[in-house]
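Working notes, structure below.
The values are calculated or read from the model by the stated rules, or taken from the named source; none is laboratory data. Quick caveat: nothing in here was measured; it's all calculated off a predicted structure. All Cβ positions, glycine included, derive from the backbone under ideal geometry; neighbour counts span all protein chains shown.
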């Protein structure tokens, strides 16, 4: 290989790397397909009863759009839904931010059927403080792909930014308060049934390439 070919290959590699760098660090903002305020008031057996404020956003910061909705079923059991959507991610504005890494502490994976679309895996964890005990199911949506690992979310975001110039993503949290550990089985069942109804709905809101 002569010097000209080597120089050409190196120049092309630099240009490609520079283009990818600009895509990652100057991504195109990707808005939602529809605003989250248009989420349905009924999701499966659960009906919207009230909305919350951002003080209940579970430590997520920097989202371009957020919603906190509370739903109840016919038995009077209540579930909280939090969604934080990022049109792009750059600098300190990230879906999988270090400030929310506590979500993954002691978390475990829950797998369930999403007929006819196979199975889905999301995270489950328990949040305990002086006021409330909550069981949480949560996941990341990066450009239409459900991801449970915060590190994979970061890697996939970089990939999307480098090759497609877009870094949009969301974090979705479904939470329910509990008083006694004996009720956790029933709470998980409620939350999983809610998520099974929610995920197909979110496909009408979250962009994907």
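Scanning the range 75-88 for residues that are assigned to a strand (DSSP E or B) and touching a helix residue (DSSP H, G or I) at 6+ places or on another chain (Cβ under 8 Å), we see that the one that is farthest from residue 155 (Cα to Cα) is 79.
Per-residue answers, yes or no, for (1) modelled with pLDDT under 90; (2) not in a strand (DSSP E or B):
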position: 146; (1), (2): no, no
position: 155; (1), (2): yes, yes
position: 176; (1), (2): no, no
position: 188; (1), (2): no, yes
position: 191; (1), (2): no, yes
position: 201; (1), (2): no, yes
position: 207; (1), (2): no, yes
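Residues are listed down the side, and each one gets a yes or a no for (1) surrounded by 15 or more Cβ atoms within 10 Å (Cβ to Cβ); (2) over 21 Å from residue 203 (Cα atoms); (3) touching a residue at least 24 places away in the same chain (Cβ under 8 Å):
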residue: 131; (1), (2), (3): no, yes, no
residue: 134; (1), (2), (3): yes, yes, yes
residue: 146; (1), (2), (3): yes, no, yes
residue: 153; (1), (2), (3): yes, no, yes
residue: 157; (1), (2), (3): yes, no, yes
residue: 163; (1), (2), (3): no, yes, yes
residue: 167; (1), (2), (3): yes, no, yes
residue: 173; (1), (2), (3): yes, no, yes
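Filtered by the rule that a residue be modelled with pLDDT of 85 or more and over 23 Å from residue 187 (Cβ atoms), the range 63-93 gives 63, 64, 65, 66, 85, 86, 87, 88, 89. Would you be able to say whether some residue in the range 99-122 is surrounded by fewer than 21 Cβ atoms within 10 Å (Cβ to Cβ), within 13 Å of the chain's Cα centre (by Cα) and assigned to a loop (DSSP other than H, G, I, E, B)? No; the residues of the range 99-122 include none that is surrounded by fewer than 21 Cβ atoms within 10 Å (Cβ to Cβ), within 13 Å of the chain's Cα centre (by Cα) and assigned to a loop (DSSP other than H, G, I, E, B). For the range 105-117, does any single residue satisfy the condition of being within 20 Å of residue 67 (Cα to Cα) and in contact with a strand residue (DSSP E or B) (Cβ under 9 Å, 6 or more places away or on another chain)? No, because not a single residue in the range 105-117 is within 20 Å of residue 67 (Cα to Cα) and in contact with a strand residue (DSSP E or B) (Cβ under 9 Å, 6 or more places away or on another chain). Take residue 190 and decide whether it is in contact with a helix residue (DSSP H, G or I) (Cβ under 8 Å, 6 or more places away or on another chain) and surrounded by 14 or more Cβ atoms within 10 Å (Cβ to Cβ). Taking the combined requirement at face value, the residue does not satisfy it. Just one of the listed residues (91, 118) is within 26 Å of residue 203 (Cβ to Cβ) and out of contact with any helix residue (DSSP H, G or I) (no Cβ under 8 Å at 6 or more places or on another chain), namely 118.
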